[in-house]
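A short write-up of the structure that comes next.
The values are calculated or read from the model by the stated rules, or taken from the named source; none is laboratory data. From a predicted model like this one, the values you see are computed outputs, not experimental measurements. Quick reminder, even Gly has a Cβ in these numbers, built from the backbone with ideal geometry, and neighbours come from all protein chains shown.
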Amino acid sequence: MKNVDYIACQLICCCVCCSPVQLGPSIAVLSTLVRAFVSSRVDYCCSLLIGSPRSVTDKLQRVLNAAARVITNTKKFESGLSRILYHDLQWLGVTERIQFRVAATVYQCLRGMAPAYLTELCTPVTASASRRGGLRSVKTSNLVVPRCRLSTYGTRAFSVAGPACWNALRT
């Protein structure tokens, strides 16, 4: 998790360097810079963080909060930051970004646009695999979630987390 700490420190420094005082009043330029540098770094390999502890995702969420404050020129203790993030900037939180990336990867696997080693991990529930033909999961295009032995890291593997995330979208 040292990589997350390093990225968080770099991004906070980037947010401080892109303050509105230094760039002038152009919010469009500031928004483009922050989205280019901060959002791309937060989204980089974020699907690896699925199922990670909240202490890890909170660091990246603080980076997104700081970036939103820089764009909107709000102070640290002003209220309404979640409204700014979700409605004004239309950003997702870090945990939602992670789930979105994993679900998008599963979608690519189901459509044949992903590599073969990922596509074979996303198998739909079929009537023969379920041992009973009348299950609702056969009709709802759920994916098979394999059992895992390790409760700490086993559930974070794409073979488990991907289908589980996809099946959670359907409910």
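Restricting attention to region 52-106, the residues that are closer than 30 Å to Thr119 by Cα and either touching a helix residue (DSSP H, G or I) at 6+ places or on another chain (Cβ under 6 Å) or of a type outside the set (Asp, Glu) (or both) total 21.
Here Glu78, Glu120 are screened, and the one residue that is modelled with pLDDT of 90 or more, over 21 Å from the mean Cα position of the chain (by Cα) and of a type outside the set (Lys, Arg) is Glu120.
In region 20-63, of all residues being not in a helix (DSSP H, G or I) and not aliphatic (A, V, I, L, M), the one that is modelled with the lowest pLDDT corresponds to Pro25. Assess whether Val145 counts as being in a loop (DSSP other than H, G, I, E, B), surrounded by 14 or more Cβ atoms within 10 Å (Cβ to Cβ), at pLDDT below 90 and not assigned by TED's automatic domain parsing to the domain that holds Leu48. Yes: the conditions hold for Val145. For Leu64, the conditions (1) more than 17 Å from the chain's Cα centre (by Cα); (2) within 24 Å of Cys165 (Cβ to Cβ) all hold with the exception of (1).
Being among the hydrophobic types (A, V, I, L, M, F, W, C), assigned to a loop (DSSP other than H, G, I, E, B) and at pLDDT 80 or above is a property that holds for Ala114. Of all residues in region 64-83, exactly one satisfies the criterion of being in a loop (DSSP other than H, G, I, E, B) and either in contact (Cβ under 8 Å) with a residue 24 or more places away in the chain or not assigned by TED's automatic domain parsing to the domain that holds Ala28 (or both), namely Asn73. Looking across region 33-56, just one residue is surrounded by fewer than 17 Cβ atoms within 10 Å (Cβ to Cβ) and of a type in the set (Phe, Trp, Tyr), and that is Tyr44.
Within region 109-131, residues that are farther than 22 Å from Leu48 by Cβ reach partners that are surrounded by fewer than 15 Cβ atoms within 10 Å (Cβ to Cβ) and modelled with pLDDT under 85 with beta carbons closer than 7 Å, at six or more positions or on different chains, in the pairs Pro124/Ser141; Ala127/Gly133. When region 81-106 is limited to residues that are more than 14 Å from Ser47 (Cα to Cα) and hydroxyl-bearing (Ser, Thr, Tyr), the one that is surrounded by the most Cβ atoms within 10 Å (Cβ to Cβ) turns out to be Tyr86.
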